[in-house]
Amino acid sequence: MVPEARADRPPAAEPQTASRPAGQRSARLPRDERRAQLLAAAQEVFVANGYHGAAMDEIAETAHVSKPVLYQHFPSKRELYLALLESHLTSLTELMLGALNSTTDNDERVQAVMRAYFHFIANDDQAHRLVFESDLINDPDVSSRLETFNRTFADAIARVIAEDTKLPHLEAELLGRGLAGMAQVSARYWLETDGNLDLNVASDLIYRLAWRGISRFPKES
């Protein structure tokens, strides 16, 4: 039975070889396009199975490439995961800083940041789960990248607070961490409501909570 099962595999693979994905492989996609394809497949597998349950074989199969092609771009599963994590954190950092710098009105800033964070999760909940709910989250390289994101986000908020209030730097930093954490925790909970709470209603609730707190601090004369 085992030899027959193995013998059955090549015929099953033949139609794939003649299909459009196989034609694309033979055409040799540009490196950036191939990398994006592999990262998308890896994300699907990591989210479905977790880091430890994911296999390079399955990632290659999901991407419709051979394992040698996958290993040419990512020598190990760990490097593949870290590249995917870095990509998402870079996008999220740019999104958050863009929202924070989109206006000089602090009320609107808080609203923009909360909306941006909620929309990031709504538009790509797989990216969010991979970043914040991974079974590799305690790995030193992973936790270091997450801390860099959290610090960058919180520091940017703290600079705005420090410029607009009489609070010393360390107190502004603490508030920055608090507001960043509020965005993350509340948005993650919203995701668990499975659409039973409207996205804009949810983000607006957290924005109003945050703004009513932060706006009460004294401003510089």
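Computed from the coordinates by the stated procedures, all read-outs in this text should not be read as laboratory data. What you see is a predicted model; the values in this text were computed from it and never measured. Ideal geometry is used to build each Cβ from the backbone, glycine not excepted, and the neighbour counts take in all protein chains shown.
Some notes on this structure:
- Alpha carbon centroid spacing (whole Å) that separates region 194-209 from region 44-63: 33 Å
- Environment charge at V47 (Cβ cut-off 10 Å; Lys +1, Arg +1, Asp -1, Glu -1): -2
- Separation in nanometres of the label points that stand 7 Å from Cα toward Cβ, at N196 and D107: 3.3 nm
- For region 91-221, the alpha-carbon radius of gyration amounts to 1.06 times the rule-of-thumb value 2.2 N^0.38 Å expected for a compact globular protein.
- Cα-centre dipole for region 63-221 with unit charges at Cβ (Lys and Arg positive, Asp and Glu negative), debye to 20: 120 debye
- Packing-based order for 33-46, 53-66, using average beta carbon neighbours within 10 Å, highest first: 33-46, 53-66
- A cut-off under 12 angstrom between Cβ atoms defines the neighbours of R145, and their net charge, with Lys, Arg +1 and Asp, Glu -1, is -3.
- Our compactness index for region 180-221, the C-alpha radius of gyration over the empirical 2.2 N^0.38 Å, is 1.42.
- Helix 106-123 axis, angle to the chain major axis (alpha carbon atoms, nearest 10°): 20 degrees
- Take each peptide in 88-100, 171-183, count the other Cβ atoms within 10 Å of every residue, and average; sorted highest first, the result is 171-183, 88-100.
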